[in-house]
Structures are given as structure tokens and as C-alpha cells.
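Structure record follows, encoded as C-alpha cells.
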Number of protein chains: 2
Amino acid sequence: MKYGIAIFPSKPIQDEANAYRKRYDSHYALIPPHITLKESFDADDDHINDLIVELKHIANATKPFSININKVSTFAPVTNTIYFKVEQTPELTELQKKMHEGKFENNMTHPFVPHITIAQNLLDDEYSDVFGTLNMSTFQFEDKIDRFQLQYQLDNGSWTVYETFVFGKEHI
Amino acid sequence: MKYGIAIFPSKPIQDEANAYRKRYDSHYALIPPHITLKESFDADDDHINDLIVELKHIANATKPFSININKVSTFAPVTNTIYFKVEQTPELTELQKKMHEGKFENNMTHPFVPHITIAQNLLDDEYSDVFGTLNMSTFQFEDKIDRFQLQYQLDNGSWTVYETFVFGKEHI
């Protein structure tokens, strides 16, 4: 089964992201707005149960932290994805690093850039228009992060949450 | 904020349900296939934190149990919803009951019929066709349930999981 790990920001940020995703993100219906910590990876039942214990340890070793969003950015020219740029923090870096070492496969295909996707798979012209407009807009969000979610992917491409890991609150 | 509580069955059942939901369920994109334990209810931050403690107690007092699906059924003529009928078990009844008493508002609008919706809001003709066909089909699923999920609703009507409660494993 394919799993992934993500943070869901609080409702106001998800609602704002969805206002754009509805029109511009081909994955709109597959998963709520999120910050990916670990990209899709394969695991059988035994392996995922091992990793869940690790994730509980990671959650218990993490303190709630703040994130800030101040602007949109883009992965162009690699892809024309547009996203809310989440300011890099030591806590985010550390959390993401721990999920790519030890018992965790390092399945990173590019450096970790914390972000919430709001547009992807646009045609070139549409991309230019949308990014041009959003790039001049002001976005200002602060959020408190106290958990992350392990999810699995269904055959239709959508994601279902399997388990939540709350910082400092996991029973091992 | 609006919250709800549901069980997500395992991936094979969700995939089978989605094969129908994609064509016949207007809520297909809003939430993965699920068994609703508690319908949408309002709670502020303080209240939901109280309820989360209760939900942990409930989860810790519940042992993993099996569910069985043997056929489709319908809520017609009240609504033309078609669903995988989940056989009633004492564990499901007990779990659902505990979320409607004590600190929990009793927001039940009809008796508890455990089910996984696969079609809703169909036109009458389409409903008759679909139910006629599905009613003659054989469905046979067994699943082990060991958790439930607290979710909240976004402005677009979709649901995001806030927290998972695993039976016997919650830290209070």
C-alpha cells in the first residue's frame, strides 16, 4: 500500500488554499490542503507498523511550533506548481529529516521546500496569468502545528488518513 | 467549527465503494467512504478539547471488532440513498451510543443504521436502475475495526481528519 505523511494546516488556511485549488489544482478532490513531509512510499503491514512506532517516537520528541506564510512561490521552470510558501523553520526541517533516515527509506527526490500547493498542472498561459496575479497579492498566515498525519492512497488517487500523531501525546 | 466522527473501513472496501460513488454519489470528492458514528455537530475549541478526552476514554474502553457487509440496502422512500449495509453488532451500537450521551450532544435525527453510502441524490429513474442492479449483486466483505476518526468540515463541504483514536492505545 502507498503511504504518505503530511501536516494539515488549520481551517482558515485550508479554506483560503481551497479557494484557489478549486479552480487551479487538479488534485483538489484527492486530499485537503497540506504540507507534505514525506512523499508517497510503499510499505506492507509489518513495515508500516514498525514505522508507526517510529512516528510516535518522533511525535513525542517534537514540541508544537509556529509556521508562517507570507507569499506564494512556484517550482517553475521545473513544474508550474504554485504554492503558499511556508517559511523554513528548524522544527520543520528536523521533523522532515527524521522521516527520511533510520528505519525510513530516504525517498526524497528533491530538497525539502515546505509548501501548500494551490495550483498545478496548469497550461502555460494559465500558469503565467495565475502566478502573475497571485505574486502581487499579499498573504499572511501564522499557524500553530501540533500534529502530523499518516495517510494511505486509494485506487482512485485520493488519500485517507490512517493515523494522527500529536506532539508529546503518543502512547507507545 | 463543524465536526463529525466516522470509521474508515480498510482500503479494499473503500476502493469498491468508490467505484460506485464516483458515478452515483454527489459527495464522492468530499470524504472517503466511511461509516458515520456521529453526524455533523458544532463545537468551539474548548468544547472539542473536552470531547477529545472523552473520545480517548471511549477508544481505550473499546476492543477491536469485526464488521460484515453482505448486501446493499436503501433509505428509500425517505431518501434514495443506497449503501453497503454493515451488519449491526453490539460493539458498533455501544460505540455509537457513547458518542450521544454524557458530554456529547445527542444530535441523532434517526435511529443508528451502520452503513457506507455508495449513492445519493440520484434522480428517481437513475435510483431505480442502480438499486435494481446492485440489489441483485453479491457483496461480501469482512473487516477489522480498531479506530475511529474525528473530522472537521471545510467551507467547501469537504472533511479533514483532526485526530485518530485507536482502540486501547490512547494516551490520556
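The values are calculated or read from the model by the stated rules, or taken from the named source; none is laboratory data. Because the structure is predicted, anything quoted here is derived from the model rather than measured. Backbone-built Cβ (ideal geometry, glycine too); neighbour counts: all protein chains shown. Please note that ligands, DNA and RNA were not included when accessible areas were found on the heavy atoms of the full protein model with its side chains. Shrake-Rupley method; radii C 1.70, N 1.55, O 1.52, S 1.80 Å.
Scanning the range A:81-120 for residues that are at pLDDT below 95 and touching a strand residue (DSSP E or B) at 6+ places or on another chain (Cβ under 8 Å) yields one hit, A:Thr109. Residues in the range B:26-50 that are open to solvent by less than 10 Å² (accessible area, probe 1.4 Å) and either closer than 25 Å to B:Lys144 by Cα or free of Cβ contacts under 8 Å to residues at least 24 places away in the same chain (or both): B:Pro33, B:Ile35, B:Leu37, B:Lys38.
Yes or no, residue by residue, for (1) touching a residue at least 24 places away in the same chain (Cβ under 8 Å); (2) within 20 Å of B:Phe8 (Cα to Cα):
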residue: B:Val53; (1), (2): yes, no
residue: B:Glu101; (1), (2): no, no
residue: B:Asn107; (1), (2): yes, no
residue: B:Pro114; (1), (2): yes, yes
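Within the set A:Thr117, A:Thr138, A:Thr133, A:Thr109, the sole residue that is touching a Phe, Trp or Tyr at 6+ places or on another chain (Cβ under 8 Å), more than 19 Å from A:Leu55 (Cα to Cα) and not charged (D, E, K, R) turns out to be A:Thr117.
Of the residues making up the range A:115-127, those that are out of contact with any Asp or Glu (no Cβ under 8 Å at 6 or more places or on another chain) and buried (at least 20 other Cβ atoms within 10 Å of the Cβ) number 4.
Got a number for residues in the range A:85-120 being among the small types (Gly, Ala, Ser) and more than 24 Å from A:Lys22 (Cα to Cα)?
Final tally of qualifying residues: 1.
The lone criterion from (1) within 14 Å of another protein chain (Cβ to nearest Cβ); (2) part of a loop (DSSP other than H, G, I, E, B) left unmet by B:Gln151 is number (2).
What are the residues in the range A:133-148 that are assigned to a strand (DSSP E or B) and surrounded by 12 or more Cβ atoms within 10 Å (Cβ to Cβ), if any? Quick ask: steps written out before the conclusion?
Quick first cut of the range A:133-148, residues assigned to a strand (DSSP E or B) only: A:141-145, A:147-148.
Matches in the range A:133-148: A:Phe141, A:Glu142, A:Asp143, A:Ile145, A:Arg147, A:Phe148.
When A:Ala76, A:Ala19 are checked against the criterion of being over 14 Å from the mean Cα position of the chain (by Cα) and without any contact (Cβ under 8 Å) to a residue 40 or more places away in the chain, a single residue qualifies: A:Ala19.
For the range B:7-33, the tally of residues that are closer than 19 Å to B:Ile69 by Cα, within 9 Å of another protein chain (Cβ to nearest Cβ) and in contact with a Leu (Cβ under 9 Å, 6 or more places away or on another chain) stands at 6. As for the range A:82-100, it holds at least one residue that is under 14 Å from the mean Cα position of the chain (by Cα) and among the acidic types (Asp, Glu).
Just one of (1) without any contact (Cβ under 8 Å) to a residue 40 or more places away in the chain; (2) away from chain B (no Cβ under 11 Å); (3) aliphatic (A, V, I, L, M); (4) surrounded by 15 or more Cβ atoms within 10 Å (Cβ to Cβ) fails for A:Val161. It is (2).
Pick out the one residue from A:Val130, A:Val78 that is surrounded by 12 or more Cβ atoms within 10 Å (Cβ to Cβ) and either away from every other protein chain (no Cβ under 14 Å) or of a type in the set (A, V, I, L, M, F, W, C) (or both). Please lay out each step first, then the result.
On the way: A:Val78 fails: surrounded by 12 or more Cβ atoms within 10 Å (Cβ to Cβ).
Every option except A:Val130 fails the conditions.
Among the conditions (1) away from chain B (no Cβ under 14 Å); (2) open to solvent by less than 50 Å² (accessible area, probe 1.4 Å); (3) of a type in the set (Val, Ile, Thr), A:Thr93 misses just one, which is (2).
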